[in-house]
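Working notes for the structure below.
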Amino acid sequence: MGRYGSFIKRLTDIILSSLALILSSPVLLISIIAIKIESKGDAFFIQDRTGLGGKPFKMIKLRGMIDGAEQLGPDFTQKDDPRLTRVGKILRRMSIDEIPQAINVLKGDMSIVGPRPELTKITDQFSPDQREVFNFKPGITGISQINGRQTLSPEERVVMEIAYYKDATFWSDLRIVLRTPKVVITNEGNV
């Protein structure tokens, strides 16, 4: 948390993501079993997203849709998406599907707090001004995730994120981390 590229931010990312994986391991195990029982396919969903410096990385999530859902519709979830499985609806409602992103944090592809990692198909269309968001490592949570989530367009998110992360501090990031559970529990802004 705090200034990008700082030792404290990276250390905090490693500590928090390790704790998240350890503490959530029973929930992850139950979720993986439920996904495999309900539908065929891998329990994990891996997708290209754009990261720091505009470089693509493989973001890891628990699969909440039927196997092969990307071939059957848009790349992003829509309200009442018929491709969501019963287990997937629960995982998404509680944001459990995002826990494996802690692996991306440990690998250094993501941070605990940062801009939302967008699909490469979307970021390929970004203007030079919007590409400023690539100066910051994407995060599991962040300013747009606690202020609108999926109700915001990618363009709205980028404007908000660039403005926030230019001056982010450890304390401002900590406020985001502390606000995240309320947003997850209330399902605020989630589709």
Could you identify the single residue in Leu11, Leu28 that is closer than 24 Å to Ile176 by Cβ and at pLDDT 95 or above?
Leu28
Only one of Arg92, Arg83 that is at pLDDT below 85, in contact with a Gly (Cβ under 9 Å, 6 or more places away or on another chain) and over 25 Å from Val133 (Cα atoms):
Arg83
If I filter region 106-165 down to residues being part of a helix (DSSP H, G or I), touching a residue at least 24 places away in the same chain (Cβ under 8 Å) and among the aromatic types (Phe, Trp, Tyr), which single residue comes out as surrounded by the most Cβ atoms within 10 Å (Cβ to Cβ)?
Tyr165
For region 32-47, indicate whether the set of residues that are among the basic types (Lys, Arg) and surrounded by 15 or more Cβ atoms within 10 Å (Cβ to Cβ) is non-empty.
no
Taking the residues in region 11-31 that are within 22 Å of Gly139 (Cβ to Cβ) and free of Cβ contacts under 8 Å to residues at least 24 places away in the same chain as candidates, determine which candidate is surrounded by the fewest Cβ atoms within 10 Å (Cβ to Cβ).
Ile22
Residue check for Gly54: surrounded by 14 or more Cβ atoms within 10 Å (Cβ to Cβ), under 26 Å from Thr169 (Cβ atoms) and modelled with pLDDT under 90
no
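The values are calculated or read from the model by the stated rules, or taken from the named source; none is laboratory data. Predicted model, so just to flag it, every value in this text is computed and none were measured. Positions of Cβ are generated from backbone atoms using ideal geometry, with glycine treated the same way; all protein chains shown enter the neighbour counts.
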